[in-house]
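These notes are about the structure you will find just below.
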Amino acid sequence: MPLHKLEALTAGNFYQAIRIRRALLSSIKDTGDNCGRSLSDSVLPMYHYDYSQVQGRCAENVIGYMPIPVGIAGPLRIDGTSYLVPLATTEGALIASTSRGAKALNAGQGIHTELLDDAMTRAPVLHFPSLQHAAATTKFLASTQGRQILKTAFDSTSAYARLLDVTPKVVGSAVYLRFRATTGDAMGMNMVGKGVSHALATLPRYSTLCPSLAHMQLSSLSSNTCTDKKPAATNWINGRGKSICAEATVPAKAVETVLKASVDALVALNTSKNLVGSALAGMGAGGYNAQAANIVAALSIATGQDAAQVVTSSNCLTHMEKTPDADLKISVTMPSLEVGTIGGGTSLSSQSSMLKLLGCRDADAAYGANASRLGRVIAGAVLAGELSLMSALVSQDLIGSHMQLNRK
């Protein structure tokens with residue numbers, strides 16, 4: 001019996017399954033010294049956890065759970081509401097720094113956010129016998145009739161997923177189709193994948209309208225042009241998930257008293273570091289920021305997001321300028337936040353409680369409003385983190401803060 005099926009053998013006694021799994025793994029002889037045997041007396045906790053939330057949903061071959069400290073940054077005022085922002089991290093100074101940024105932002109009118117776009121993507125690749133077949137299929141799918149066929153089939157697979165558009169690209173005799181769809185409060189990868197799979201399966205039925213469809217072969221449901229969990233210019237340019245911009249004006253006095261910096265110094269450093277420095281390093285798409293991934297990762301872990309999607313979700317451009325009143329205007333533009341408030345790890349009790357803390361579990365909220373709120377909070381928290389870190393660099397206080405809060 002495979003190790004991941006032990007829970008079935010123990011009739012749902014998760015603790016017994018874990019003890020057996022630890023013992024079996026510890027007995028493996030061809031692992032390195034202490035590599036497997038250390039599981040038998042590991043301090044990794046296994047008790048006092050509801051594994052029924054994990055089974056068949058979040059993990060296999062479970063041997064315990066990993067406690068991660070969670071701290072609160074804030075309060076942080078975003079769109080008129082003050083949030084206590086949960087950050088799950090082991091990096092000392094991150095939460096304190098983000099809180100300092102929040103204090104400075106609250107000294108003004110707080111943060112204003114805009115949801116500019118909201119669509120999850122999936123991009124299969126189709127192969128045909130020739131370029132002519134590929135081109136003919138592309139033209140048909142771009143037609144009104146072709147688009148409606150795809151949408152009708154796609155939308156039939158879910159009460160929530162709705163196809164927005166499909167962008168085709170021809171490469172020789174292959175066609176790459178980038179599907180974009182709204183997915184409500186779900187992050188939506190599985191939802192969109194299901195819809196795409198069904199839509200493609202229906203296409204050969206319409207070969208009388210487009211004979212090339214009879215020769216279509218689906219090579220892969222994902223062609224890497226989606227793009228998922230990898231750095232990609234397409235996500236930066238075209239967006240993926242939630243495209244959000246957050247902006248705030250920080251009074252010059254708060255910059256001086258709270259952040260121990262000056263507006264001019266921050267604007268100059270943002271240009272030399274986040275823009276010129278990033279370009280010099282060849283950051284390309286999405287790397288024009290100081291530490292967006294820090295905040296995105298900590299909030300993602302705290303709220304049950306797919307941690308690997310931090311790669312895409314942390315795409316961010318930080319911009320600063322001096323206002324006519326000599327205050328600091330700062331913004332972050334994040335075109336590919338991949339977040340949800342239902343499904344996957346968001347259903348785990350601890351992570352769900354942090355979503356509730358943020359007001360992202362409102363059963364009466366409009367379609368997609370909970371996930372949109374989470375995206376806005378993440379963008380706002382990133383703004384606070386960017387502001388504080390850049391100020392620490394200006395004041396030469398970065399190392400001192402880390403030595404005080406990240407060392408013992």
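What the table shows:
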read-out: The stretch 202-227, residues that are without any contact (Cβ under 8 Å) to a residue 12 or more places away in the chain and farther than 20 Å from Ser173 by Cβ; value: Arg205, Thr208
read-out: In the stretch 179-217, the residues that are outside any loop (DSSP other than H, G, I, E, B) and either polar (S, T, N, Q) or assigned by TED's automatic domain parsing to the domain that holds Leu317 (or both); value: Thr182, Asn190, Ser197, Thr202, Ser212, Gln217
read-out: Residue in the stretch 42-58 that is within 30 Å of Gly239 (Cβ to Cβ) and either of a type in the set (A, V, I, L, M, F, W, C) or free of Cβ contacts under 8 Å to residues at least 40 places away in the same chain (or both) present; value: yes
read-out: Residue among Leu355, Leu275 that is over 26 Å from Thr81 (Cβ atoms), in a helix (DSSP H, G or I) and touching a residue at least 12 places away in the same chain (Cβ under 8 Å); value: Leu275
read-out: Test: residue in the stretch 363-370 that is touching a strand residue (DSSP E or B) at 6+ places or on another chain (Cβ under 9 Å) and outside any helix (DSSP H, G or I); value: yes
read-out: Residues (surrounded by 21 or more Cβ atoms within 10 Å (Cβ to Cβ) and on the phi < 0 side of the Ramachandran plot) located in the stretch 229-248; value: Ala232, Asn235, Trp236, Arg240, Lys242, Ser243, Ile244, Ala246, Ala248
read-out: Unmet criterion (only one of (1) buried (at least 20 other Cβ atoms within 10 Å of the Cβ); (2) outside any strand (DSSP E or B); (3) not hydroxyl-bearing (Ser, Thr, Tyr)) for Ala285; value: (1)
read-out: Checking Leu76 against (1) farther than 19 Å from Val250 by Cα; (2) in a strand (DSSP E or B); (3) out of contact with any Cys (no Cβ under 8 Å at 6 or more places or on another chain), the condition it does not meet; value: (1)
read-out: Selection status of Arg361, in contact with a helix residue (DSSP H, G or I) (Cβ under 7 Å, 6 or more places away or on another chain), of a type in the set (Lys, Arg) and over 22 Å from Thr257 (Cα atoms); value: yes
read-out: Failed item, numbered, when Val125 is tested on (1) surrounded by fewer than 21 Cβ atoms within 10 Å (Cβ to Cβ); (2) in contact with a helix residue (DSSP H, G or I) (Cβ under 9 Å, 6 or more places away or on another chain); value: (2)
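The values are calculated or read from the model by the stated rules, or taken from the named source; none is laboratory data. Given the structure is predicted, the values throughout are model-derived calculations rather than measurements. Cβ: placed from backbone, ideal geometry, glycine included. Neighbour counts: every protein chain shown.
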